[in-house]
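Comments concern the structure below.
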Amino acid sequence: MSGKGFSKKTVVVTGGSRGIGRACCLAFAREGANIAFTYHKNKEKADSLKKELDELGVQSLSLQADIREYDRCRNVIKEVCSHFTQVGVLINNAGIVKDRALMMMSPDDWKEVIDTNLTGTFNMTRAVITSFLKQKNGCIINISSVSGIVGIPRQTNYSAAKAGIIGFTKALAKEVAAYNVRVNAVCPGYIDTEMLNGIPENIKEEITKNIPVGRIGQPEEIAQLCVYLASDKGRYIIGDIIKIDGGLAI
């Protein structure tokens, strides 16, 4: 374990079993945090992550949840508080893509992406915000995307959801800052996760050419930014929308 900056704090990560969520769980665990994470369906990956967290010597809790369900999100936070007493950090990371041209996009394609990415962020934040206000302490980090800033063709549903998260972040940050609750959004560019697995190599090469730094980002780089934002070093960063994209959206 590299540090104890989050010793005795509990960090909740949605969509924690893979990709950016998994990297966040491990990064905060290395700083001494207790970790609670949700996963949707893949119990095998969730169990594998929990084993890694246990090996790091921290307490962890794995919870199956569909974040589109408001009541389930409330119960997730109740279970976490019962297990760890209180939550210190919430990272709204869970999300999906269903990319296609708008003329081919079904209402279900639209609804599922909006409900998971945007409404899921509301559901989890709504579940934790009252306790954050009461304890006059808390940190919320919403994982948005450069897609929500610049717009990406064939991602009207995803871009709309991620842009919605940006507006949600700014409004809530103003609402709760006086209670010592910090809210920020992180906007990754192209990151080496399962979301990129379906993209052909020749398309990935074209994408990489458009990134000034010349490479795809790593989940661990997003996780380290989240650790900084949640730490005391980031305590004066409020309502910010931080791109981490290798210069893609300059």
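The values are calculated or read from the model by the stated rules, or taken from the named source; none is laboratory data. Because the structure is a prediction, the values reported are computed rather than measured. No Cβ is skipped: glycine too gets one built from the backbone with ideal geometry, and neighbour counts run over all protein chains shown. Ligands, DNA and RNA are excluded from the accessible area calculation, which covers all protein heavy atoms including side chains. Shrake-Rupley method; radii C 1.70, N 1.55, O 1.52, S 1.80 Å.
Points to keep in mind about this one:
- Restricting the first member to the stretch 84-95 and to residues that are touching a residue at least 24 places away in the same chain (Cβ under 8 Å), and the second to residues that are among the basic types (K, R) and surrounded by fewer than 24 Cβ atoms within 10 Å (Cβ to Cβ), the beta-carbon pairs closer than 8 Å and six or more apart or on different chains are G88/K9; V89/K9.
- Which listed residue is at pLDDT 95 or above, over 17 Å from the mean Cα position of the chain (by Cα) and closer than 26 Å to V113 by Cα, from D71, D66, D54: D71
- Test result for A94, in a loop (DSSP other than H, G, I, E, B), among the small types (G, A, S) and open to solvent by less than 30 Å² (accessible area, probe 1.4 Å): yes
- Test: residue in the stretch 187-205 that is part of a helix (DSSP H, G or I), closer than 26 Å to G247 by Cβ, at pLDDT 95 or above and out of contact with any strand residue (DSSP E or B) (no Cβ under 9 Å at 6 or more places or on another chain): no
- Matching residues in the stretch 48-59 - criterion: being open to solvent by 10 Å² or more (accessible area, probe 1.4 Å) and either under 23 Å from A127 (Cβ atoms) or assigned to a helix (DSSP H, G or I) (or both): S48, K50, K51, E52, D54, E55, V58, Q59
- Every residue from the stretch 147-185 that is modelled with pLDDT of 95 or more, aliphatic (A, V, I, L, M) and open to solvent by 10 Å² or more (accessible area, probe 1.4 Å): I149, V150, A160, A163, I166, A171, L172, A177, A178
- With respect to the conditions (1) in contact with a Gly (Cβ under 7 Å, 6 or more places away or on another chain); (2) in a helix (DSSP H, G or I), A161 lacks only one, and its number is (1).
- Considering residues of the stretch 207-241 that are farther than 24 Å from P153 by Cα, assigned to a helix (DSSP H, G or I) and in contact with a strand residue (DSSP E or B) (Cβ under 6 Å, 6 or more places away or on another chain) only, the residue most open to solvent (accessible area, probe 1.4 Å): L225
- Scanning the stretch 1-46 for residues that are touching a strand residue (DSSP E or B) at 6+ places or on another chain (Cβ under 6 Å), under 19 Å from T85 (Cα atoms) and of a type in the set (G, A, S) yields A29, A33, A36.
- Check on R126, open to solvent by 40 Å² or more (accessible area, probe 1.4 Å), charged (D, E, K, R) and within 19 Å of E69 (Cα to Cα): yes
- Of all residue pairs spaced 6 or more apart or on separate chains, those with beta-carbon atoms under 6 Å, a first member in the stretch 36-47 that is outside any strand (DSSP E or B) and a second member that is charged (D, E, K, R) and open to solvent by 70 Å² or more (accessible area, probe 1.4 Å) are K45/R18.
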